[in-house]
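In what follows, a structure is listed as C-alpha cells, so that the remarks can point back to it.
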Amino acid sequence: MAPSRIDVPEPTSTPNPLKSHQSTKQETHYGDFRDDFFKNGYTVIKGVLSKERAREYQSEALTWLESFNIGFDRNDRSTWKKENLPQSFKGGMYLHFAAAHEKYMWDVRTEPGVIEPFAKLWGTDELVVSFDTVNITLPQSIVGEYDSKPWPHCDQAPERKGLACVQGIVNLSESGPNDGGLVVMKGSAALFDKFFEENPVTGPMPWRTAKHKDFHPFSDKDLDWYREHGCELIKVCAEPGDLILWDSREMHWAQFGDSDLIRTIVYATYTPAAWMTEEDRAAKKELFENYETTTHWPHTNLYTHGKATIKVDGEEVPDPLERDEPLTKPVKTERLLQLAGVVPY
C-alpha cells in the first residue's frame, strides 16, 4: 500500500537559492516573468504550449472523463450533469482514479515549455514534480450551482519560512473574466510573515491534518487585513497554452464561472530535486508505482488522497468507478522518472 502520509520534522525554513525574496523587498530585477512574480506573488507566462497543443490535451482530458461510461458526452450538452460524472473535489478536481498518472498528464508535465519557467525560477533544471491532478469543471450555467463557496487559503504552513513552493496551472481552456479560474490576493505572498506575526495561529486547528499539513484557511477579517495593507483580489485571466505560477504563500482559491465553458487545467508544481530527502524519495517512488495522486508539494509533505469511496446505507464502501492504474499509462522515459523522483539526477 502507498503511504498515506510521510512524517518528517516540521521545517522552519527551506533550502532556497532565492534568499532575497524571503523579505517583502525585491532586490533583483530580472527583466522577465520573475519580476511580476516576486512583486505580485503570481504571474502568467504566455504560450508555454501552442493553443493547438493545449486543445489536444483538453480533448484527451475529456476523452478520459467520457471513459467512465456513465453518461457524459462532450458533444451532447443534455448529458452535462453532475450525476454523469465520477466524483471530484470542489466541482472538478479528480483526486482518485489514477488521474494524476494518465499519459496525457505526464506528457503535459514533461513539456519543455512548462518546465523551463520553473527551472529559471529555481536556478536548476534538476527538478521533481508533484503528482497533482487535472481539473475538469463543467459550467454552472448548465449543470447548476456547485456546493462550494470561496475558500481563501494558502498552501504553506505559517511556520515554513521563505519561498518554499511555487504552484502552477497549465491552462488548456480559456480563462477570461467570466470563466472559471484562479483568484489571488495580489501581493499577499510578500506579507506572509507579517500577517502571521500580527495574527498568530492559536487554539484548535482542525484543518491541520495529514491531508492539510501545508494548508491555512483565511477568514473575511483576514481578507480585510490584506486589503488594508494594499492587496487586492484579482481574477487571473489566461488563454489555452498559458502557464500561471503563484507563490504558495499567496492567498488564493478557484472561482466558478458564469460562462458555458468547460474549465480544463493541469496542476503542476516543480521544486529542486536536491531538496528531497532519501526518505521522501523512497516514499515518492512508492506513490508513483501505485499511481497515487498527491498534494501540490513535489518534494515533501507527500500524501496520497487514497482510493475513492461512496456511502451505501451509511457506510463507506469502495467506489465501483475507482481504478488501480491509468487508462493509458505514461511512457517511462528517463526524464519522466527523474521528474517523478524515481531516478536520481
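Using DSSP to call loops (not H, G, I, E or B), can you name the chymotrypsin sites (Phe, Trp or Tyr not before Pro) in the range 254-307 whose Cβ has at most 16 other Cβ atoms within 10 angstrom?
Here no chymotrypsin sites (Phe, Trp or Tyr not before Pro) fit, given the DSSP loop and packing criteria.
Which of the residue pairs LYS81/LYS311; LYS46/LYS82; LYS149/LYS285 have a Cα-Cα distance greater than 29 Å in the structure shown?
The answer is LYS46/LYS82; LYS149/LYS285.
Label zone of ILE310 (point 7 Å out along Cα→Cβ, amide N under 19 Å): in the range 72-99 this covers 72-73, 79-99. When SER141, SER259, SER175 are compared by accessible area of protein heavy atoms, the largest-first order is SER141, SER259, SER175, using a 1.4 Å probe. These residues, GLU198, GLU316, go from largest to smallest accessible area, 1.4 Å probe, as GLU316, GLU198. Relative contact order of the chain, taken over Cα pairs closer than 8 Å and 6 or more residues apart, is 31 percent.
Taken one residue at a time, the phi angles of the range 154-165 give Karplus couplings (6.51, -1.76, 1.60, θ = phi - 60°) of 10, 10, 9, 5, x, 7, 8, 8, x, 6, 10, 7 Hz. Gly and Pro are set to x.
Using the Kirkwood radius over C-alpha pairs as Rh, can you work out the diffusion coefficient of the chain via Stokes-Einstein at 20 °C, viscosity 1.002 mPa s, in µm² per second? In µm²/s, the coefficient is 104. Take every pair of alpha-carbon atoms less than 8 Å apart whose residues are at least six positions apart; their mean separation over the length of the range 211-345 yields a relative contact order of 20 percent. Full extension of the chain between PHE68 and GLU197 gives 41.6 nm of extra length, using 0.36 nm per residue less the Cα-Cα distance. Protein-only accessible surface at a 1.4 angstrom probe places the residues ARG34, ARG53 in the order ARG53, ARG34, largest first. Note on HIS229: accessible area is roughly 70 Å² with a 1.4 Å probe, heavy atoms of protein only. For the range 170-280, the relative contact order works out to 58 percent when only alpha carbon pairs closer than 8 Å and six or more residues apart are counted. The reciprocal of the average 1/r between distinct C-alpha atoms defines the Kirkwood hydrodynamic radius, which for the range 218-345 equals 18.6 Å. The 3J(HN,Hα) values that the Karplus relation (6.51, -1.76, 1.60; θ = phi - 60°) gives for the range 335-345 are, in residue order, 4, 4, 5, 5, 4, 6, x, 7, 10, x, 6 Hz. Gly and Pro appear as x.
The values are calculated or read from the model by the stated rules, or taken from the named source; none is laboratory data. Given the structure is predicted, the values throughout are model-derived calculations rather than measurements. Don't worry about glycine lacking a Cβ; one is built from the backbone with ideal geometry, like all the others, and counts go over all protein chains shown. Accessible surface areas use protein heavy atoms only, side chains included; no ligands, DNA or RNA. Shrake-Rupley method; radii C 1.70, N 1.55, O 1.52, S 1.80 Å.
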